[in-house]
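Since every read-out is calculated from the coordinates, none of them should be taken as a lab result. A quick note: this is a predicted structure, and the numbers were derived from the prediction, not measured. A quick note on method: Cβ atoms are made from the backbone with ideal geometry, for glycine too, and the neighbour counts reach across all protein chains shown.
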Amino acid sequence: MKTYSDLDVWKLSRTLVRDVYELTRAFPKEELYGLTSQMRRCAVSIPSNIAEGSGRNSSKDSLQFFFIARGSAYELETQLYLAFDQLYFDDLRLNTLLDMVSKVKQMLNGLINYYQKLPR
């Protein structure tokens, strides 16, 4: 039986957390309680909710957390655009991170589709 830590989406989302933390270290100090904090919380929410959802007793309960993880991915995507608009990093970095977020969302969609087919 696989655990959440075996899931590719969980592994990739951990990498995304690392990259977001690395990125936000270079943000201006006045963003510490703004975009820096918000982006880090969104990024951390993704693997955390995958793990929590994987530990639930029913597919219905699991789905709730997977949907939250997916919502956090969308929120992080928007925050990446907002930080880019503030010229905090270049378009190469933006596109690299957006690609990673897109892959996480696709993988979460696959996980959600799988769980939606399970008995509730």
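Can you tell me which residue is farthest from GLN86 (Cα to Cα) among those in region 19-43 that are of a type in the set (D, E, K, R) and surrounded by fewer than 11 Cβ atoms within 10 Å (Cβ to Cβ)?
The selected residue is GLU22.
Only residues in region 109-120 that are touching a residue at least 12 places away in the same chain (Cβ under 8 Å) count as the first member; pair them with residues that are in a loop (DSSP other than H, G, I, E, B), Cβ under 7 angstrom, at least 6 apart or cross-chain, and list the lot.
Taking only residues 6 or more apart or on different chains, the pairs are ARG120/SER58.
Quick check: is even one residue across region 97-118 aromatic (Phe, Trp, Tyr) and crowded, with 17+ Cβ neighbours inside 10 Å?
Looking only at region 97-118, we keep the residues that are aromatic (Phe, Trp, Tyr), and these are 114-115.
Now restrict to residues that are crowded, with 17+ Cβ neighbours inside 10 Å: 115.
Yes, that holds for at least one residue.
Which ones in region 65-96 are loosely packed, with under 12 Cβ neighbours inside 10 Å and outside any helix (DSSP H, G or I)?
LEU87, ASP90
Out of the residues in region 5-20 meeting the condition of being assigned to a helix (DSSP H, G or I) and touching a Leu at 6+ places or on another chain (Cβ under 9 Å), tell me which one is farthest from LEU98 (Cα to Cα). Give the steps one after another, and end with the answer.
Of all residues in region 5-20, those assigned to a helix (DSSP H, G or I) come to 5-6, 8-20.
Pick out the ones that are also touching a Leu at 6+ places or on another chain (Cβ under 9 Å) and you get 9, 13, 16, 19-20.
On the way: VAL9: 15, SER13: 12, LEU16: 10, ASP19: 11, VAL20: 11 Å.
By that ranking, first place goes to VAL9.
Listed here are the residues, each with its yes/no results for (1) over 16 Å from LEU94 (Cβ atoms); (2) hydroxyl-bearing (Ser, Thr, Tyr); (3) without any contact (Cβ under 8 Å) to a residue 12 or more places away in the chain.
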position: LYS2; (1), (2), (3): yes, no, yes
position: ASP6; (1), (2), (3): yes, no, yes
position: LEU12; (1), (2), (3): yes, no, no
position: ARG18; (1), (2), (3): yes, no, yes
position: ALA26; (1), (2), (3): no, no, no
position: LEU32; (1), (2), (3): yes, no, yes
position: ARG40; (1), (2), (3): yes, no, no
position: ILE46; (1), (2), (3): yes, no, no
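Just one of ASN113, ASN57 is out of contact with any Gly (no Cβ under 7 Å at 6 or more places or on another chain) and not in a helix (DSSP H, G or I); which is it?
Result of the check over ASN113, ASN57: ASN57.
Out of all the residues in region 84-104, which are aliphatic (A, V, I, L, M) and in contact (Cβ under 8 Å) with a residue 60 or more places away in the chain? Spell out the reasoning first.
So the first thing to find is which residues in region 84-104 are aliphatic (A, V, I, L, M), and the list is 87, 92, 94, 97-98, 100-101, 104.
Those that are aliphatic (A, V, I, L, M) and in contact (Cβ under 8 Å) with a residue 60 or more places away in the chain: LEU97, MET100, VAL101, VAL104.
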